[in-house]
Amino acid sequence: MTLVHNWHLGRTMEYPYFESRPEHQFAAVFNINRCIACQTCTMAHKSTWTYSKGQEYMWWNNVETKPYGGYPQHWDQKILQMLWDNGNNPMEWFTGAEDKNATTAPYGLYNGDTIFELAKNKGLNQVAVGYIPDDKEWRFPNIYEDTAASEKTNYEMGSGADKESSELPEHKRWFFYLQRVCNHCTYPACLAACPRKAIYKRKEDGIVLIDQKRCRGYRKCVEQCPYKKPMYRGETRMSEKCIACYPRVEGKDPVTKGRRMEARCMAACVGKIRMNGLLTGDYKKPDPKNPLDWLVHVHKVALPLYPQFGTEPNIYYIPPRWAPRSYLRQMFGPGVDEALDKYAAPSRTLMAVLALFRASQTMISRFEVEDGPKIYESEVMGKKVEVYNDTAIGYAADGAEIVRIKIEEPTWESDEKRMVTY
Ligand code: SF4
Ligand code: SF4
């Protein structure tokens, strides 16, 4: 084991390989508040990569309904339970130790064990704690869809969640959709676990791939990825996982004329909840004009999924406003309150960057905002909200302007003469 810095945790942690960050990191921000669970992303991925024999149960992209849904079933409860039952200081964060302006510890200091540390402390014959799901746990990708947690469940959670659902609007019964793909982690547990060294992380874009020539199907990656995103294919006796549509990311699709293109599941999103691109490799020097760097590092409105696992995942989420905060803090760490305050009363820049979500298939690597007139004013949770009809402009990596979009949607009213009255 070596010591590496995990900025999600605000500290160093143990990992079997040296810290090595890519030049750019494949990443995405998912705005949970906008998802309608249409599953277009799920089918876009399915029809592109996993429609063959032996891949029937593979859903590299899935959208599950929280708190009950999960694919495989109970994947997150099981890992959380392992950390909770056996780890030191489970799920404990020192938020007082946080340096809000520092990129090295933006959410505070995580004091509990990660999945790597727990395996080492317990002397397990595993690099990270984990388990291989049973066949029956992979049966229902969409189990408990749209099933809400009741007031009784909130109470039984014992976390105070029954008293604290969101303020706007008040939802005592709640659920939300969680969109899931491989996180192309900075410290992948799948890679660390593989005894064949068949899994590698690309230097140029941080995409994590399984070399099918080296894989022997030992399923160590399936066992030790806490997000359960590698899947075993009985037909070939090898493991497979999301490949981040790397030919598109490399600009091989002729549609974008050699420019980097969003992955299929991202580009298909009907709800416009997804922005896919590349983060700056050096997290200490984020580029405030890169929309993903801005959302994650500068504005901190997008948060990692289960940062306490310790893999430094690279898919980030804007949490849902209506779910209990204690549940969300467990899922996204202590940055939840600040992120939701900012989302509830969005700044002009946030409004502009949100307008760029799914505005183009080409990855946006830089954005600008042109000022427009004020069009709306209100108050949300005691905070003044002003909306301006600014213009958001997105540029590709070569500097070409690829999208220009105003905040206010143009609308037309029909001529009164065309109205029919009965
Ligand atoms: S989410 Fe799992 S499969 Fe994907 S890189 Fe991280 S550890 Fe590996
Ligand atoms: S396509 Fe978009 S809106 Fe539809 S389920 Fe997927 S993430 Fe949600």
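Taken together, the values in this text are just the output of simple stated rules run on the coordinates, not laboratory data. Computed from a predicted structure; not experimentally measured. Virtual Cβ from ideal backbone geometry, glycine too; neighbours counted across all protein chains shown.
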Cross-link partners of LYS66 among lysines (Cα-Cα below 17 Å; sequence separation of 8 or more within a chain): LYS78, LYS152, LYS172, LYS228
Estimated vicinal HN-Hα couplings, Hz - the stretch 404-417 in sequence order (Karplus 6.51, -1.76, 1.60; Gly, Pro = x): 9, 9, 8, 5, 7, 5, x, 10, 10, 9, 5, 4, 4, 5
Hits among lysines - C-alpha to C-alpha of LYS374 under 27 Å, sequence gap 8 or more where chains match: LYS272, LYS289, LYS300, LYS342, LYS383, LYS384, LYS406
Taking LYS300, LYS122, LYS228 and counting other C-beta atoms within 10 Å, the order from fewest to most: LYS122, LYS300, LYS228
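Counting only other residues whose beta carbon sits under 14 Å from that of ILE364, what net charge do I get with K and R as +1, D and E as -1? Could you put the intermediate results ahead of the total?
Values: positive: ARG259, ARG260, LYS272, ARG274, LYS289, ARG358, ARG366, ARG404; negative: GLU262, ASP287, ASP293, GLU368, ASP398, GLU401.
Overall, the nearby charge balance is +2.
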Mean-position separation - Cα centroids, the stretch 253-280 and the stretch 217-234, in angstrom: 26
Cα centroid separation - the stretch 343-374 against the stretch 87-148, whole Å: 32
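With both bridge residues required to lie in the chain, what share of the DSSP beta bridges run antiparallel, to the nearest 5%? Don't jump to the answer; show the numbers that get you there.
Values: 45 of 49 bridges.
Looking only at bridges with both residues in the chain, the antiparallel portion is about 90 percent.
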Extension gain (nm, one decimal) between ASP398 and THR236, 0.36 nm per residue minus Cα-Cα: 54.3 nm
Residue-by-residue Karplus 3J(HN,Hα) for the stretch 355-362, coefficients 6.51, -1.76, 1.60, Hz, glycine and proline x: 5, 7, 4, 6, 8, 7, 7, 6
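Going by a ≥ b ≥ c, the root eigenvalues of the Cα gyration tensor, does the stretch 2-344 fall in the rounded group (a/c under 1.5), the prolate group (a/b larger than b/c) or the oblate group? Before the final figure, lay out the partial values.
Numbers: a/c = 1.19, a/b = 1.17, b/c = 1.02.
Rounded shape, in that the Cα axes give a/c under 1.5.
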Per principal axis, descending, Cα span of the stretch 152-281 in whole Å: 53, 40, 31
Under the Karplus curve 6.51 cos²θ - 1.76 cosθ + 1.60, θ = phi - 60°, whole-Hz ³J(HN,Hα) for the stretch 51-68, x wherever Gly or Pro sits: 9, 9, 4, x, 10, 4, 8, 7, 10, 4, 10, 9, 10, 10, 9, 8, x, 8
